[in-house]
Amino acid sequence: MIIAIDGPSASGKSTTAKGVAERLGITHLDTGAMYRAVTLGIIESNIGLNDNESISEFLKNIEIHFDSLNDIWLNGHNVAEKIRTTEVSSNVSAVSALPVVRQKMVLIQRFIAKDKHCVLEGRDIGTVVFPNADYKFFIVADLEIRAKRRLLDFEKIGEISSLTELISDIENRDRLDSSRDASPLVQAKDAISIDTSKLTIDEQIEKIVEIINK
Ligand code: DC
């Protein structure tokens, strides 16, 4: 069984996907973490975001996997925390717009999910990665609520930010993710839309589990 959960930044996808996977006892794959890991690797290797040749070379030897705690590893290092910094967040939209990066990530995502029941979350799961997914959901939430959620995430890892800064960062990422040529963020025609603005975490998980159990 493949469950696709797509939606814009900080809409509640990750929490929902994680909770749904736990409730159903199946794998949770955070594809955004993979684009973040590639972004981190490119930054740490001092590769310019326009240097397609070096990026292609970097991708040839890349090794990404998730451990039993669902922490992401890049080339032998646990990067679960490092991928959440503001530096990675502000560059990830540009990196994830590169077709060469997307092709590689989609291959890895299909490989990881090929013999599993899996909840995959991202931007293009229901449209590109698994267009025949058994269930497709598109999660949305009001901009300010999304920024407040991100602020809490940052506080947890000790990063300083402000609501105004985060609102403009999320708006910017929405624009970049939706307007890129390669697999833009768009709701699949057959996806069920869920607005999490006024829902608790438990309610948003329950909504999806209920639909699946039906
Ligand atoms: O879900 P997130 O904020 O961690 O995602 C980070 C970035 O990765 C986001 O700006 C869009 C990109 N992304 C993507 O292009 N395709 C996916 N399937 C998942 C994420």
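Only the coordinates and a few stated rules stand behind these numbers; no lab work does. It should be emphasised that the depicted structure is a prediction, and the values quoted were computed from it without experimental measurement. Glycine also receives a Cβ, built like all others from the backbone with ideal geometry; neighbour counts cover every protein chain displayed.
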Task: Helical contribution to [θ] at 222 nm, DSSP H n ≥ 4, -39,500 (n - 2.57), averaged over the chain, rounded to 500 - done: -15500 deg cm²/dmol
TODO: Please tell me which of these pairs span more than 19 angstrom C-alpha to C-alpha: 156/198; 13/207; 136/189?
DONE: 156/198
TODO: Using label points projected 7 Å from each Cα along Cα→Cβ, tell me how many nm separate residue 65 and residue 190, to one decimal.
DONE: 3.3
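Please give me, ordered by residue number, the GluC sites (Glu not before Pro) of region 119-162 that lie in loop per DSSP and have at most 15 other Cβ atoms within 10 Å.
Values: sites: 121, 144, 155, 159; in loops: 159.
When the GluC sites (Glu not before Pro) of region 119-162 are filtered for loop state and at most 15 Cβ neighbours within 10 Å, 159 remain.
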Task: Rg and Dmax [Cα atoms of the chain; Å; Rg one decimal, Dmax integer] - done: 16.4, 50
Open item on the list: Loop-only GluC sites (Glu not before Pro) in region 39-72, please: DSSP not H, G, I, E or B, and at most 13 other Cβ atoms within 10 Å.
Closed with: 63
Open item on the list: So, R0 is 30 Å and r is the distance between the beta-carbons of residue 182 and residue 144; what FRET efficiency does that work out to, to 0.05?
Closed with: 0.55
Task: Net dipole in debye of region 159-214 [+1 Lys, Arg Cβ; -1 Asp, Glu Cβ; about Cα centre; nearest 20] - done: 260
Task: Given charges at beta-carbon only (K, R positive; D, E negative), |dipole| of region 2-205 in Debye - done: 380
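Hey, got the dipole for region 14-86? About the Cα centre, +1 on K and R Cβ, -1 on D and E Cβ, debye to the nearest 20? Display every interim value, and only then the final one.
Values: 6 positive and 10 negative charges, 61 e Å.
The dipole magnitude comes to about 300 debye.
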